[in-house]
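The values are calculated or read from the model by the stated rules, or taken from the named source; none is laboratory data. In this text the structure is predicted, and so the values were computed from the model without any measurement. Ideal geometry is used to build each Cβ from the backbone, glycine not excepted, and the neighbour counts take in all protein chains shown. For the accessible areas, the whole protein counts, side chains as well, though only heavy atoms, and no ligand, DNA or RNA atoms are used. Shrake-Rupley method; radii C 1.70, N 1.55, O 1.52, S 1.80 Å.
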Amino acid sequence: MRRIESRLNTHSEEFQKYRAHNRKLVSGFQQKQEEARFKRPQRDIDRLQKQNKMMPRERLELLLDPGTPFLEFSSLAGSMAYDGSAPSASCITGIGIVGGREVVINASDSSVKGGAWYPLSVKKIIRALDIAIENHLPVIHMCDSAGGFLPLQSELFGDKYMAGRIFRNQTQLSKMGCKQLSLVFGNCTAGGAYIPALSDYSVIVEGTGAVFLGGPPLVKAATGEEVSVDELGGARMHTSVSGTCDYFAKNEREAIAIGREIVAQWEQKPKTQIQRETPEDPWYDPEELYGIIPDDIRKPFDVREVIARLVDGSRFSEYQPDYGETMICGFANIWGYKVGILGNNGVLFNDSSLKAAHFMELCNQNKTPLVFLQNITGFMVGKEYEQRGITKDGAKMIMVQACSEVPKFTIMTNGSFGAGNYGMCGRAFDARTLFSWPNSQISVMGSDQAANTLVTIKLAQLKRQGIEPDEKELAEIRNEVLGNFENQTSAYYTSSEIWDDGIIDPVDTRNALGISISASLNAPIGDARYGVLRL
Amino acid sequence: MQPKYRFSETQFTVSPLKHSATRLIEIASDQGGSHQVNAGIRWLDHCHGELTVNGVVRHIYAVQDDQTLHVHMDGKVWQVDIVDEFSDAGGASDQAESGLVKAPMPGVVLDISVKEGDQVEEGQLLMLIESMKLQMEVKASLSGTVLLLGVDGVGASFDKGAQLVNIRPHDESLESGRKGGE
């Protein structure tokens with residue numbers, strides 16, 4: 001396969017400027033991530049120690065195979081919500097390796113508000129289980145949660161994709177043959193009790209682990225019965241009297257050791273085979289990515305330069321190189337796995353949309369996973385384009401993309417605006433994993449456009465009332481809209497709301513994709529079938 | 001495709017003719033002439049092998065670094081370059097570079113950095129245009145003189161295909177330029 005020939009001048013002033021800008025963004029992100037993962041009030045750390053509990057990330061270290069990577073999801077979930085009182089949404093999720101098997105981890109972080117479930121915690125757990133379902137992965141739950149965060153119960157209980165969905169997902173995983181193991185390190189109360197109960201295997205720790213539908217205070221209030229935590233739902237009782245939990249562990253370390261022994265009994269089904277070659281590092285240094293992405297969302301860059309720093313050997317077999325030039329399509333290898341890459345070099349026209357649709361059909365035909373590198377402001381607008389059917393062509397692209405049977409992976413590399421987000425496999429289109437770069441922005445339209453639109457509306461409103469527009473008032477409206485946009489279009493907001501599976505350093509993209517592709521091959525790839533294409 | 005190798009300035013094409021315990025191989029030089037050998041190789045590990053040529057066994061050590069084979073044999077070191085199929089296909093398109101830049105889509109002019117008559121270098125920024133909220137730098141595709149600017153000035157809008165700028169290359173004779181869009 002031919003290598004991409006980079007045209008980049010890494011000594012140019014522009015490159016240096018962008019590199020400094022992006023390095024700063026990345027180090028800012030890494031600092032926020034470090035805090036979300038590890039910074040806890042001393043009293044919470046002390047409390048766990050007094051309870052004889054390990055810190056949740058220590059448990060994870062012991063559970064996972066040594067020296068193996070852990071692809072963590074949404075480490076910054078909840079970072080812009082709840083006044084920052086729930087870092088990482090009080091739980092840790094991701095894909096790790098246990099006993100040589102790829103598993104999804106769902107671990108309560110009891111160092112945050114006792115592991116209580118905030119609305120975003122529930123969303124994060126559901127997303128982890130959705131990933132397990134879509135990729136046919138087993139799940140290991142590390143239960144240690146105070147239960148739902150009552151002040152926000154209306155946002156985490158009643159609706160279809162709220163707390164109940166966690167348990168519904170567990171039943172579907174079991175039905176699919178994906179095994180679940182629960183390690184009960186702390187309280188599993190009410191709804192939370194169903195996590196170990198719906199797991200195929202469970203281990204419970206003496207003294208700290210407890211499973212009950214109602215805790216002692218609730219029992220006392222309901223029937224007047226007085227009973228201790230241990231008597232009601234402790235380890236000894238559940239492993240010898242009720243059979244709700246399978247294994248008794250004297251302490252957390254033993255629980256994890258038993259858990260690993262259980263996982264070692266699980267069958268290892270053969271994975272889906274796709275084309276695979278010997279992996280090769282990119283020919284161009286991935287660090288150069290920092291110098292490629294501009295410091296202004298409106299400035300363009302050649303996505304081929306990005307591809308050259310992501311794929312094996314920087315080798316890329318480009319499809320239809322002279323047609324639809326605002327869409328770059330081609331085959332490459334990532335960690336040896338053959339993938340079809342789609343990247344944006346400008347807005348989508350009729351020809352680029354059709355090219356993308358055709359290329360995705362080729363990838364479906366070839367059982368080749370798709371990787372989308374999003375940097376899209378939208379489809380071209382205007383009379384000429386509408387008459388040539390750009391809306392139809394965009395629809396065809398979305399139809400083929402959404403009906404794809406091959407696994408899809410999306411990276412938000414820069415902008416993601418409007419319908420372009422849809423065509424390029426945005427969140428609603430079931431990418432197996434979707435990650436954002438720290439510089440990325442996402443919204444229905446650009447902030448300037450939105451501000452201008454709202455000012456225009458206000459002007460019309462004032463005119464109807466016969467009022468002269470106040471320049472200051474209009475400027476205030478503009479600034480308020482722009483301010484909101486800046487806040488809500490950033491990658492941090494996206495990640496906080498779990499519209500992605502996490503922010504990553506651009507240099508880590510290769511590894512994130514490699515792990516994601518490998519995990520996705522635990523599920524079969526169906527034969528290509530599409531809905532009706534409006535031709 | 002038969003593999004081609006470059007060795008000591010000469011290019012050789014290697015064609016396998018017959019396959020048995022060893023292979024009958026024809027080695028043809030691009031300077032004319034060819035010869036046939038019976039050759040086989042048994043790898044002892046990833047870089048050490050026993051090479052048999054016409055019945056004579058030698059030990060060789062070989063390593064591939066990208067497109068170059070380094071071979072150590074008989075106390076000497078040899079370098080053989082693997083000829084890439086694409087570069088061998090040749091036929092690089094030498095289209096005459098045009099100094100004319102047309103607008104890829106309708107848009108508006110944000111900034112103009114040169115005026116008619118200016119001398120510009122290849123790659124020099126000529127103007128900044130914006131379309132669909134995307135900025136694009138219009139750069140000189142070759143060195144020469146700015147013949148015309150097809151736009152009225154900053155803030156002017158243009159259609160797709162409009163001539164934005166035309167540059168006369170340094171060593172071409174003067175051609176009359178056309179003003180306006182198409």
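The alpha-carbon of A:Lys463 sits under 21 angstrom from the alpha-carbons of these lysines, leaving out residues fewer than 8 places away in its chain: A:Lys472. Classified by the C-alpha gyration tensor, the protein assembly as shown has an oblate form. Its axis ratio a/c, with a ≥ b ≥ c, is 1.5 or above, and a/b does not exceed b/c. Residues of the stretch A:328-348 whose accessible area (probe 1.4 Å, heavy atoms of protein chains only) drops by at least 10 Å² once all protein chains are present, relative to their chain alone: A:Gly346, A:Val347.
Overall, the stretch B:93-176 carries a charge dipole of about 360 debye about its Cα centre when +1 sits on the Cβ of Lys and Arg and -1 on the Cβ of Asp and Glu, all other atoms neutral. Please go through the stretch A:1-44 and write out the GluC sites (Glu not before Pro) that DSSP classes as loop and that have at most 13 other C-beta atoms within 10 Å. Of the GluC sites (Glu not before Pro), the ones in loops of the stretch A:1-44 whose Cβ has at most 13 other Cβ atoms within 10 Å are A:Glu5. Report, to the nearest whole %, how much of the accessible area of the stretch A:41-264 belongs to carbon and sulfur atoms, 1.4 Å probe, protein only. The C+S portion of the solvent-accessible surface of the stretch A:41-264 is 54 percent. Note on the stretch A:41-264: lysine pairs with Cα distance below 28 Å, sequence gap of 8 or more or different chains, count 23. For chain A, the longest principal axis of the alpha carbon atoms and the long axis of helix A:119-135 meet at an angle near 80°. Among the residues of the stretch A:352-379, those with an accessible-area drop of 30 Å² or more from chain alone to full protein complex, heavy atoms and 1.4 Å probe, are A:Thr377. For the stretch B:105-141, a decrease in accessible area of 40 Å² or greater in the assembled protein chains relative to the isolated chain, with a 1.4 Å probe, applies to B:Met105, B:Met132, B:Lys133, B:Leu134, B:Gln135. Lysine pairs in chain B whose alpha-carbon atoms fall under 20 angstrom of each other, counting only those eight or more residues apart or on distinct chains, come to 12. In the full protein context, the stretch A:41-264 carries 41 Å² of accessible surface per residue, based on a 1.4 Å probe and ignoring ligands, DNA and RNA. A DSSP coil position with no more than 14 other Cβ atoms inside 10 Å describes the following GluC sites (Glu not before Pro) in the stretch B:26-122: B:Glu97, B:Glu116, B:Glu121, B:Glu122. Ranking A:Cys329, A:Val241, A:Gly114 by how far each Cα lies toward the positive end of the dipole of chain A (charges on Cβ) leaves A:Val241 at the top. Over the stretch A:377-535, with a single point scatterer placed on each C-alpha, what log10 of the ratio I(q)/I(0) does the Debye formula yield at q = 0.13, 0.18 1/Å? The computed values of log10 I(q)/I(0) come out as -0.79, -1.13.
Remark: spin-label model distance A:Gln31-A:Asp448 equals 3.0 nm, labels positioned 7 Å along the Cα→Cβ axis. Estimated from helical segments only, the mean residue ellipticity of chain A at 222 nm is -12000 deg cm²/dmol, where each DSSP H run of four or more residues counts as -39500 (n - 2.57). Of the residues A:Pro41, A:Ser443, A:Gln170, the one whose Cα sits farthest towards the positive end of the charge dipole of the protein assembly as shown is A:Gln170 (charges of +1 on Lys and Arg Cβ, -1 on Asp and Glu Cβ, taken about the Cα centre). Placing +1 on the Cβ of every Lys and Arg and -1 on the Cβ of every Asp and Glu, with no other charges, gives the protein assembly as shown a dipole of roughly 2020 debye about its Cα centre.
With both bridge residues required to lie in chain A, what share of the DSSP beta bridges run antiparallel, to the nearest 5%?
40 percent
Using a/c under 1.5 as the rounded threshold, could you call the stretch B:4-83 rounded, prolate or oblate? The axes a ≥ b ≥ c are square roots of the C-alpha gyration tensor eigenvalues, and prolate needs a/b larger than b/c, oblate otherwise. Because a/c hits 1.5 or more and a/b fails to exceed b/c, the stretch B:4-83 counts as oblate. Dimensions of the stretch A:224-337 along the principal axes, based on C-alpha atoms and rounded to the nearest Å, stand at 76, 39, 26, largest first.
Please work out whether the stretch A:41-264 counts as rounded, prolate or oblate from its C-alpha gyration tensor, where a ≥ b ≥ c are the square roots of the eigenvalues and a/c under 1.5 means rounded, while otherwise a/b larger than b/c means prolate and anything else oblate? In terms of gyration-tensor shape, rounded. Here's the list of lysines a cross-link from A:Lys17 could span, going by alpha-carbon distance under 16 Å and ignoring same-chain residues fewer than 8 apart: A:Lys299. The charge dipole of the stretch A:41-264, taken about its Cα centre with unit charges on the Cβ of Lys, Arg, Asp and Glu (plus for the first two, minus for the last two), comes to roughly 240 debye.
Against the longest alpha carbon principal axis of chain A, how many degrees, from 0 to 90 and to the nearest 10, is the axis of helix A:509-520 turned? Approximately 60 degrees, to the nearest 10.
Tell me, what is the percent relative contact order of chain A, built from C-alpha pairs under 8 Å that lie six or more residues apart? Can you show the working numbers first?
On the way: 1099 pairs, mean separation 73.7, N = 535.
Answer for chain A is 14 percent.
Per the accessible-area calculation with a 1.4 Å probe, the total area buried between chain B and chain A rounds to 1400 Å².
Note that the stretch A:168-242 shows a convex hull volume over its alpha carbon atoms of 88 Å³ per residue. List the aspartates and glutamates whose Cα sits under 20 Å from the Cα of A:Lys39, skipping any in the same chain fewer than 8 residues away. Hits, sequence-local ones excluded: A:Glu58, A:Glu61, A:Glu72, A:Asp83, A:Asp109, A:Asp144.
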